[in-house]
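Bear in mind these aren't lab numbers, they're just calculated from the coordinates by the rules spelled out. Quick caveat, the model's predicted, so the values are computed rather than measured. Positions of Cβ are backbone-derived with ideal geometry, glycine not excepted, and every protein chain shown enters the neighbour counts.
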Amino acid sequence: MFKHTLPSFLPLLVPSLTWKVQTSDKVVFLTFDDGPHPEITHWVLNILKQHNAKATFFCVGENVTKFPGTYHSIIDQGHATGNHTYNHLKGWTTDNQRYYDNVSRCATLVKSKLFRPPYGRISPLQIGKLKRQGYSIIMWDILTRDYDSNINIEQAIQATVNAAQNGSIIVFHDSEKAKRQLQQILPEVLKQLSDKGFTFNKLL
C-alpha cells in the first residue's frame with residue numbers, strides 16, 4: 001500500500017527544504033495545492049471557518065488569472081498563499097530557465113515567498129536558484145492522496161490522523177480531480193485532529 005507519510009531519510013537528504021515545522025505546540029499546517037477553484041476552494045474556506053482553522057494555499061498562476069475573486073477570498077479570510085508555478089510544471093522534466101520564468105510569472109500574481117514544486121519534483125539546481133531568490137521551499141510529511149479517485153477514504157482519514165505530529169505539514173488539493181475525495185476526507189481530518197487537541201495554522 002502506498003504510504004501517506006514520507007520515508008524518514010528524505011528530509012535528511014534535502015535538509016534545505018521544509019518538510020515539517022519544528023515546534024512544541026500541538027499545531028498542524030494544512031496546505032491546499034492546485035487551486036484556486038471557484039467552487040471547491042470556497043467549499044474549503046467554509047469548512048476551515050467552521051473549525052477556526054487557518055491554512056496555506058499553493059496556487060497555480062493560471063488559475064489565479066482565471067479566478068481572481070476566489071484567490072482574493074483566500075487572503076481576505078486570513079489564510080496564506082504560496083507559489084505553485086504558473087502552469088503546474090514538473091521540475092524534473094522542464095528546462096531550468098523555463099521553470100524559473102514560470103515561477104516568476106506566478107509571482108506577479110501570488111505575492112509570497114513560499115513555494116511548493118508541483119508533484120514535489122524539483123532538481124538541485126532549481127532548488128539553489130529559488131533559494132537564492134529568497135523562496136522557502138515547502139514540502140510535507142503527510143500526503144492525504146485525495147487526488148486518487150481509487151483511494152480507500154476511511155484508510156486515508158485514519159492514516160492522516162494517526163501520522164499527525166506537532167508541526168506536521170499535510171497536503172490536500174482544492175482541485176476538480178480531488179473534489180469527491182477531499183469532501184469526504186477534509187471534514188473528518190479536521191474533526192478528529194481537533195478532538196485530539198490540535199489547532200490549525202498557516203505557514204509564514
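Here are some notes:
- Looking across region 42-70 at every residue that is under 25 Å from Gly167 (Cβ atoms) and of a type in the set (Val, Ile, Thr), the one that is surrounded by the most Cβ atoms within 10 Å (Cβ to Cβ) is identified as Val44.
- Elements of type helices (runs of 4 or more DSSP H) in region 122-204, at least 3 residues being touching a helix residue (DSSP H, G or I) at 6+ places or on another chain (Cβ under 8 Å) and over 18 Å from Gly82 (Cβ atoms): 153-163, 179-195
- When region 71-94 is limited to residues that are among the hydrophobic types (A, V, I, L, M, F, W, C), touching a Lys or Arg at 6+ places or on another chain (Cβ under 8 Å) and buried (at least 16 other Cβ atoms within 10 Å of the Cβ), the one that is nearest to Ser194 (Cα to Cα) turns out to be Ala80.
- Qualifying positions in region 40-49 - without any contact (Cβ under 8 Å) to a residue 40 or more places away in the chain and either over 26 Å from Gly197 (Cβ atoms) or hydroxyl-bearing (Ser, Thr, Tyr) (or both): His42
- Failed condition for Pro118, given (1) closer than 14 Å to Ser175 by Cα; (2) over 13 Å from the mean Cα position of the chain (by Cα); (3) not aromatic (Phe, Trp, Tyr): (2)
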